[in-house]
Each structure stands twice: as structure tokens, then as C-alpha cells.
1. About the Cα centre of the chain, how large is the charge dipole given +1 on each Lys and Arg Cβ and -1 on each Asp and Glu Cβ? Please answer in debye to the nearest 20.
2. With only alpha-carbon pairs counted, each pair once and no self-pairs, how large is the Kirkwood hydrodynamic radius of region 115-177 in angstroms?
3. Could you give the Stokes-Einstein D for region 191-329 in µm² per second, using the C-alpha Kirkwood radius, 25 °C, 0.890 mPa s?
4. Calculate for the chain the 222 nm mean residue ellipticity that helices alone would give, adding -39,500 (n - 2.57) per DSSP H run of length 4 or more and normalising by residue count, nearest 500 deg cm²/dmol.
5. What nm distance separates the two modelled labels at residue 287 and residue 123, each placed 7 Å from Cα along Cα→Cβ?
6. Nearest 10 degrees, 0 to 90: what angle lies between the long axis of helix 181-192 and the longest principal axis of the chain (Cα atoms)?
7. Report Rg/Rh for region 41-177, rounded to two decimals, where Rg is the Cα radius of gyration and Rh the Kirkwood radius.
8. Based only on Cα atoms, what mean projected area does the convex hull of region 151-248 have, in nm²?
Amino acid sequence: MTKAIDTINYTHVFGHRHLLGIAELSPHDIEYLLERADKAVSVSRQVEKKKMVLRGRTQINLFFEPSTRTQASFELAGKRLGADVMNMSVASSSVKKGETLVDTAITLNAMQPDLLVVRHHSAGAAELLAQKLVGCSVINAGDGAHEHPTQALLDALTIKRNKGRVARLTVAICGDVLHSRVARSNIILLNALGARVRLIAPSTLLPIGVERLGVEVFNSMEEGLKDCDVVMMLRVQRERMTGALIPSAREYFRFYGLDSERLKYAKEDAIVMHPGPMNRGVEISSEVADGPQSVIEEQVEMGVALRMAVIETLIETNDRLDNEKKHKEEQK
Ligand code: CP
């Protein structure tokens, strides 16, 4: 880490075979993954980027929704660890002939993968696969509007490397919270690590009862941004909107877009984040996205390191739990 970090429990034993959501992780699990990811950053910055710890292991990436950052970084992460990585092209697979998600997964499972990374438009898809597959870890790369755990973890890593900690920081998550799995995973993670979380959005883009998640809610950017350490912008997800939830892109930018004037309400050293893909001129101006406070490119870099840490941890955990199970059975 570039600055002092919160206390890490180095003796922590990670106990999950799958990564389906942040909600299932303890604060120690989160810190453990962040610490491992921080170490993986240096591997990606070397000329020789390969660590062959997963030689002979197979990772399948199964994306039912478009992705640039998540799919590419999972592919790079697996390859940098030495695994064989296969990207399933859903568009040219038998899914197009009506094969169900479970049948597709059972077919892939018969090929003995060690890891399945899945993005799907339905909430709970990754969990369903984790129940059906045997001997294979499942990572949720985004399921409907439910969770996107590796995005929240890479965001936390970026915050820690810039601010030295997550605890006691004020983080504003701004925009289309209603459709955002990124917002949901971040709210859970930031609360778990002791940050103060604010949501800034028009009422039409906030889930009903969102206050129950332990956040402060604002409808005005100027009020909500006051004294924030981190400004996290969200993409307006028009493809998930069923009605007219925003009047027009122009109107939206007028009231909820982040430009350099509005950013002045946050702390002078506040960092600006966006999970991507960005709608420039809708939720964020180019001046801010490409400006000195933006850490958006760093988020992408952290994505590879964080996914390396998650993949390595899950495969190690799966091996350990399988060995323990086998040992117990032999003792019977
Ligand atoms: N942040 C994110 O999930 O981006 P992609 O949709 O490009 O993977």
C-alpha cells in the first residue's frame, strides 16, 4: 500500500469456495483479499508478468451480458497466474438454441474446470451455478441488479491505495442506484469496512427503502457532495429502464452530472471513480473523467490484481476444503 492501511489479520483463514456476493464476506475476508490484491499489483507491473501457480488449472469465462473490463481482466488475471483460460462465446453457443443456464453449466462442468466466472442478466444466476457444479469455484461477475463483488473489491483497493484506509471516509455514490449491482456491492462493502456512505440520486433512481442499507440519501448533488473524500459516479443504465425514469440525458447532466464546478463541493483532495463504461456528458464530464482527481484508469489496473487475488484464493480454498473433507472421510 502507498499509505498506512488498517490492521490486517494475517492469520485469517478464508473459508469460501465461491465468490457470489460481498454480503457473504466478513470484514476480515475483505481485508484479506485486498491485502493479497495489493501484493498482486507489483506482479502486473513487472516486465515478466506470469506467476505459474495455477499451471494445469482451467478457468472458463461465461458472459451472457456484454463486458469489456471485467471479462478482459478475468482473462488476464487467470493467464498471469498460469491457468488455461477459455472465453465461452455465448453468442455462438447452444444457449442460442435454447439450452438453459443449468444445462450449459452441467455441460461445461463435465470438462472439469477449476473455476467458472459468470455474468448473467438474472439475479441469483451465479448462486444457482455454485449449487449445481461440483469441484469448481464460481465467481459472480455481475448478476442482474444484485451484486458485482469483484468491482466493489477493486474499488476498495483503489480507495485504500489513494487514501490509506476505507474506515471513516465519506463516500458518495451518485446516479442510477436503482439498476446498479455495483452500488449494491459497494454499499455493503463500504459499510463493512466502516466508511460513511451517501447516495445521491433523483428519487426515481433510488430503490424503495434504501435507507435501511445504512446510507444517507440526498437528492441534491451540491448537498450530498459536501466534504466527501470519494465521489463514485454510476452509469445511467438506460438498457435496464422500463419507463421514463429520467427526462433526457441533457436534463440529467444538468442536475446529476459531475462537472468540475460541482466537484468543488467535495473535499479538495477527493478522488473521482467510475466503474465504466462511462456515458460522457450524461453522468460525468470529460474534464472530470480525464482530470487530476480521476482514478478511473487506476480502477481498471486494480481490477486485474484484485481478480488474480480472488482466483488464487478460491482455488487454494477449494483444494484445502477438499483435502479436509477427504481426510475426515478416511478417518471414519
Ligand atoms: N465495470 C464493469 O463491470 O465493466 P464491464 O461491463 O465493461 O465489465
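Derivation of every value follows stated rules applied to the coordinates shown; laboratory data play no part. In this text, all values refer to a predicted model and were calculated from it rather than measured experimentally. Neighbour counts run over all protein chains shown; Cβ positions are idealised from the backbone, glycine included.
1. On the way: 43 positive and 43 negative charges, 92 e Å.
Computed about the Cα centre, the dipole is about 440 debye.
2. Working: mean 1/r = 0.0738 Å⁻¹.
Value: 13.5 Å, from the Cα pair sum.
3. Details: Rh = 17.5 Å.
Using the Kirkwood radius from Cα pairs, D works out to 140 µm²/s.
4. Numbers: 11 runs with 132 residues, N = 332.
One gets -12500 deg cm²/dmol as the mean residue ellipticity at 222 nm.
5. It works out to 3.8 nm between the two label points.
6. In the chain, helix 181-192 runs at an angle near 90 degrees to the longest axis.
7. Details: Rg = 16.7 Å, Rh = 16.5 Å.
Rg/Rh for region 41-177 comes to 1.01.
8. Working: hull surface 24.7 nm².
For the Cα atoms of region 151-248, the hull's average projected area reads 6.2 nm².
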